[in-house]
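Accompanying notes for the structure given below.
The values are calculated or read from the model by the stated rules, or taken from the named source; none is laboratory data. Keep in mind that what you see is a predicted model, and the values were worked out from it rather than measured. Note that we place each Cβ from the backbone using ideal geometry, even for glycine, and neighbour counts take in every protein chain shown.
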Amino acid sequence: MGVLKRYRDLLPIDDKTPDVNLEEGSTPLIEFKRIGAELGIKLFGKFEGCNPSGSFKDRGMVLAVAKALEEGKKALICASTGNTSASAAAYAAHMGVPCFVLLPAGKVAMGKLAQALMYGATVIAVNGNFDKALELARAASQGENSILAMVNSVNKYRLIGQRTGAWEICETLGNAPDWHAIPVGNAGNISAYWAGYNEYLKLNKINKLPRMMGFQAEGAAPLVTNQPCPNPETVATAIRIGNPVSAHLARAAVQESQGEFNSVTDDEILAAQKILAARGGVFAEPASCAPLAGLIKLKNQNKLPSGITVTMVLTGNGLKDSNTALASLEADNKAKPIEIGDTQEELMAVLNSKL
Ligand SMILES: Cc1ncc(COP(=O)(O)O)c(C=O)c1O
C-alpha cells in the first residue's frame, strides 16, 4: 500500500486529493548483525533503495505531486542532484503530466540520469552546481498563476511526506531508536524525520526521541563548518550541496535532540559502502553510506556508546551509481570477474582458491 493510503489520517489529504500511488514506502528495516557486532551496537538500516524510483524521495514526491494536481498545476519542475529528478519524473509519467528537471551538468550519477530520461522528463543540464540549478528552477515556477509546481524539498509537502519514514521505523521497532543516523545534503530529510518522531511522541505512539546524527561529506559540509561551501565536492554526488535550503530546520533538529553533525571523507564513505555491501548484503549509493562511515569513525574515537539501537537511513539504491562503485573496487583490483575457460578443472581451481 502506498504512503497516501497507509498514512491517510496523518497526512494533509482528503477526498479531493487525487489518488497518486506507485506503492512507495513500507521499505524494509534491516538489522545488520555482523556490522552491528563489530560496532558494539544494534544496527538497523531503512533501505529506501527499495522505493519505486530507488530512493527515499518517493515518500515526499507522491504527496507533493498529489497536492500539485489538486491545486490545478499542470507540470512539474525541480532542480536535483539526481534522485529528486528520477522521482519527480516517475510520478509525472504515472500521472501523465510534463516534468522539467534541472541537473548540474556532468555531476549526476548515470543511473539517475537514465531514469529521468526513461521516464520521459525534459532534462536540462545546467553549467553550474546544484545550488544554481535550484535558484533557476525556483524563479521559473514563481508567480501565483504559474502552472509549474516546484517539487524540490522547498515544497512543504515533500517534507511532510518524508515523515512517513520515521513512522515506519517506530512501528517496526515498537519505539524510536536511540540514535538516528542520516546523510545530510539539502537537509530536508533530517528535518522531516525529526518532525515525524516528534509527531509520534505527541500521539503517544513512542515514549522517547532519538538523537539526530547528521553526516555530511567533508567536501560539502556547511552544517559541520557552519559556513556555506561555495564549491562543494564529493564522490557522494547526492549530497554535493554547499548551501542547504533546510539548514535552519536541520540545526534545530540536531540541537533539540542533543545530536551532532559530523563529516566523513570520500575514502571513508567508499570504505563504508563496501562494508555495507560485503558484510551487510545491501548495495546503497555513496551518500547513503555516509552514516555508516560516521558511525565507524565515532567508534574509532570512542564516541559510540555500546549497546545502543541505531537506525541509518540508506537513502538510495547502489545500482543508481554503479560507475562509482566499480571505480572504487578497481582501486582494490576487485572490479573484474575472474575469467576462466570452459573446463571443470579451471572452475574447481578457482573455487578451491577461495574456500
Ligand atoms: C541518496 C541521497 N541521500 C541523501 C540525500 C540528502 O537528503 P537531504 O537533501 O534531504 O538532506 C539525498 C538528496 O538528494 C539523496 O539523494
### Task
Go through the range 254-282 and count every residue that is surrounded by fewer than 24 Cβ atoms within 10 Å (Cβ to Cβ) and within 13 Å of the ligand (Cβ to nearest atom).
2
### Task
Have a look at 159, 136 and point out the one that is within 16 Å of the ligand (Cβ to nearest atom) and either without any contact (Cβ under 8 Å) to a residue 24 or more places away in the chain or within 29 Å of residue 234 (Cα to Cα) (or both).
159
### Task
Out of the residues in the range 86-110 that are at pLDDT below 95 and not aliphatic (A, V, I, L, M), state the one that is nearest to residue 153 (Cα to Cα).
104
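Find the residue count for the range 93-115, including only residues that are under 18 Å from residue 55 (Cβ atoms) and either polar (S, T, N, Q) or in contact with a Leu (Cβ under 8 Å, 6 or more places away or on another chain) (or both). Spell out the reasoning first.
Filtering the range 93-115 down to residues under 18 Å from residue 55 (Cβ atoms) leaves 93-94, 99, 101-104, 107-115.
From what is left, the residues that are either polar (S, T, N, Q) or in contact with a Leu (Cβ under 8 Å, 6 or more places away or on another chain) (or both) are 94, 99, 102-103, 111, 113, 115.
Total satisfying the criteria: 7.
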### Top-ranked residue of the range 283-312 - restricted to ones that are within 16 Å of the ligand (Cβ to nearest atom) and hydroxyl-bearing (Ser, Thr, Tyr), ranked as surrounded by the most Cβ atoms within 10 Å (Cβ to Cβ)
288
## Note on the structure
The lone condition residue 67 fails out of (1) outside the structural domain of residue 121 (by TED's automatic domain parsing); (2) within 21 Å of residue 163 (Cα to Cα) is (1)
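Might you check whether a residue that is at pLDDT below 95 and in a loop (DSSP other than H, G, I, E, B) occurs anywhere in the range 34-48? Before you say what the answer is, go through the steps one by one.
Residues of the range 34-48 that are at pLDDT below 95, as a first pass: none.
Scanning the range 34-48 turns up no residue that is at pLDDT below 95 and in a loop (DSSP other than H, G, I, E, B).
Looking only at the range 129-154, which residues are part of a loop (DSSP other than H, G, I, E, B), over 22 Å from the mean Cα position of the chain (by Cα) and not acidic (Asp, Glu)?
Let us first name the residues in the range 129-154 that are part of a loop (DSSP other than H, G, I, E, B), namely 129, 142-147, 151-154.
This time we only want the ones that are over 22 Å from the mean Cα position of the chain (by Cα), so: 142-147.
Those that are part of a loop (DSSP other than H, G, I, E, B), over 22 Å from the mean Cα position of the chain (by Cα) and not acidic (Asp, Glu): 142, 143, 145, 146, 147.
Whether any residue in the range 305-320 is in a helix (DSSP H, G or I) and hydrophobic (A, V, I, L, M, F, W, C) is what I want to check.
Applying the first criterion (in a helix (DSSP H, G or I)) to the range 305-320 yields 318-320.
From what is left, the residues that are hydrophobic (A, V, I, L, M, F, W, C) are 319.
Among the residues of the range 305-320, at least one is in a helix (DSSP H, G or I) and hydrophobic (A, V, I, L, M, F, W, C), which makes the answer yes.
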## Note on the structure
Per the list (1) surrounded by fewer than 22 Cβ atoms within 10 Å (Cβ to Cβ); (2) over 14 Å from the mean Cα position of the chain (by Cα); (3) part of a loop (DSSP other than H, G, I, E, B); (4) in contact (Cβ under 8 Å) with a residue 24 or more places away in the chain, residue check on residue 20 breaks on (1)
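Answer with yes or no whether residue 185 is under 16 Å from the mean Cα position of the chain (by Cα) and assigned by TED's automatic domain parsing to the domain that holds residue 306. Quick ask: steps written out before the conclusion?
On the way: under 16 Å from the mean Cα position of the chain (by Cα): yes; assigned by TED's automatic domain parsing to the domain that holds residue 306: yes.
Yes: the conditions hold for residue 185.
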### Summary
Of the listed residues (108, 123), the one being within 14 Å of the ligand (Cβ to nearest atom) and either among the β-branched types (Val, Ile, Thr) or in a loop (DSSP other than H, G, I, E, B) (or both) is 108
### Task
Filter the range 206-236 for residues that are in a strand (DSSP E or B) and within 16 Å of residue 178 (Cβ to Cβ) and give the result.
211, 212, 213, 214
### Message
Yes or no: the range 247-258 includes at least one residue that is more than 18 Å from the chain's Cα centre (by Cα), at positive phi, without any contact (Cβ under 8 Å) to a residue 60 or more places away in the chain and outside any helix (DSSP H, G or I).
### Response
yes
#### Entry: Filter pass, residue 243 being more than 17 Å from the chain's Cα centre (by Cα), within 15 Å of the ligand (Cβ to nearest atom) and at pLDDT below 95
yes
